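A short worksheet on the structure shown next.
Each value in this text was obtained by applying a stated rule to the coordinates, not by laboratory testing. Just so it is clear, the structure is predicted and the values come from calculations on it, not from any experiment. Here the Cβ positions follow ideal geometry from the backbone for every residue, glycine too, while neighbour counts run over all protein chains shown.
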Amino acid sequence: MDETSSKYNLKKEVDCLKKFSPYFNYDDIKKLLKEKKIQITNSSLKVYLHSLTKNKIIFDAGKGWYSSIEKQFDLDKEPIEDIIKDINQKLPLLSFSCWSTAQLNSFTHHIMSKFITFIHTDSDYISNTAEMLRGTGYNVYENPNKAEIEKQFSLIDKTVIIRPLISKQPDNNKNDAPIEKILVDFLIENKKLNIMEESEAGNVVKNVLISGRINLSALISYSKRRKCELPGKLTKSN
């Protein structure tokens, strides 16, 4: 099949991928076209994909990734508004990232009644941040290891865990962590803290992925950076 014919078949093949998974990447498309013996140059394929994206037939999901989900994921930021305000008032120059398990509560099978807020900041400022938050009424743990968690961790109201900043993490929107960072951090913290069954934690991630479009490229990149295995088969290529 020549390249001109490919132009009229590409949307059909992309529709097949959309039915298979809400997320797919450039390599998925190339592989499918090869299987169907559809010949097309890389430059033409990129032009056609750009056209499909522009016409809202598929949607951008990060570098080399596409999605059938039009609506972007809407992250609930209300659970962390107060603590971010407290930190910015008391430590206005502090660079930090914040998220809470409360932001994932609507995606769990068993609703959580108590939540943990995670603060990531420079390791040199963990103690100062912890001291300030304790003075404001928070139950704070300073980068606890497994032994410390097993010995002294108690989940009560306004519980906060402060961890060192992670290099090359998805960019913050001011101080609130993006969903791509939250999902990876959540999987890692769940293993340390036993917040819920590992299978349910995996389902939380899957539920988020289908409830709104995220930057899958950023999610996968960060998961590799943190050596975190994403649950199940999230995508055709995963």
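Data for the structure
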read-out	value
Selection count, the stretch 128-138, where residues are surrounded by fewer than 17 Cβ atoms within 10 Å (Cβ to Cβ) and not small (Gly, Ala, Ser)	4
Residues being closer than 16 Å to ILE195 by Cβ and either of a type outside the set (Asp, Glu) or within 24 Å of the chain's Cα centre (by Cα) (or both) - total across the stretch 106-157	22
Residue match in the stretch 87-101 (condition: closer than 26 Å to LEU187 by Cα, in contact (Cβ under 8 Å) with a residue 24 or more places away in the chain and of a type in the set (Lys, Arg))	no
Filter result for the condition that a residue is crowded, with 18+ Cβ neighbours inside 10 Å, in contact (Cβ under 8 Å) with a residue 12 or more places away in the chain and assigned to a helix (DSSP H, G or I), over GLU180, GLU200	GLU180
Verdict on SER68 being of a type in the set (S, T, N, Q) and touching a residue at least 24 places away in the same chain (Cβ under 8 Å)	yes
Pick from the stretch 203-218, criterion assigned to a helix (DSSP H, G or I) and hydrophobic (A, V, I, L, M, F, W, C), ranking: farthest from HIS109 (Cα to Cα)	ALA218
In the stretch 35-84, residue surrounded by the fewest Cβ atoms within 10 Å (Cβ to Cβ) [restricted to those that are of a type in the set (Lys, Arg) and within 22 Å of the chain's Cα centre (by Cα)]	LYS71
Residue list for the stretch 132-165, restricted to those being in a loop (DSSP other than H, G, I, E, B), more than 16 Å from ILE87 (Cβ to Cβ) and either without any contact (Cβ under 8 Å) to a residue 40 or more places away in the chain or β-branched (Val, Ile, Thr) (or both)	ASN143, PRO144, ASN145, SER154, ILE156
Only listed residue being assigned to a helix (DSSP H, G or I), without any contact (Cβ under 8 Å) to a residue 40 or more places away in the chain and surrounded by fewer than 19 Cβ atoms within 10 Å (Cβ to Cβ), chosen from LYS227, LYS191	LYS191
Residue check for ILE69: in contact with a Phe, Trp or Tyr (Cβ under 7 Å, 6 or more places away or on another chain) and under 30 Å from SER113 (Cα atoms)	no
Answer from ILE111, ILE161, ILE119 - the residue that is surrounded by fewer than 16 Cβ atoms within 10 Å (Cβ to Cβ), hydrophobic (A, V, I, L, M, F, W, C) and over 30 Å from SER43 (Cβ atoms)	ILE111
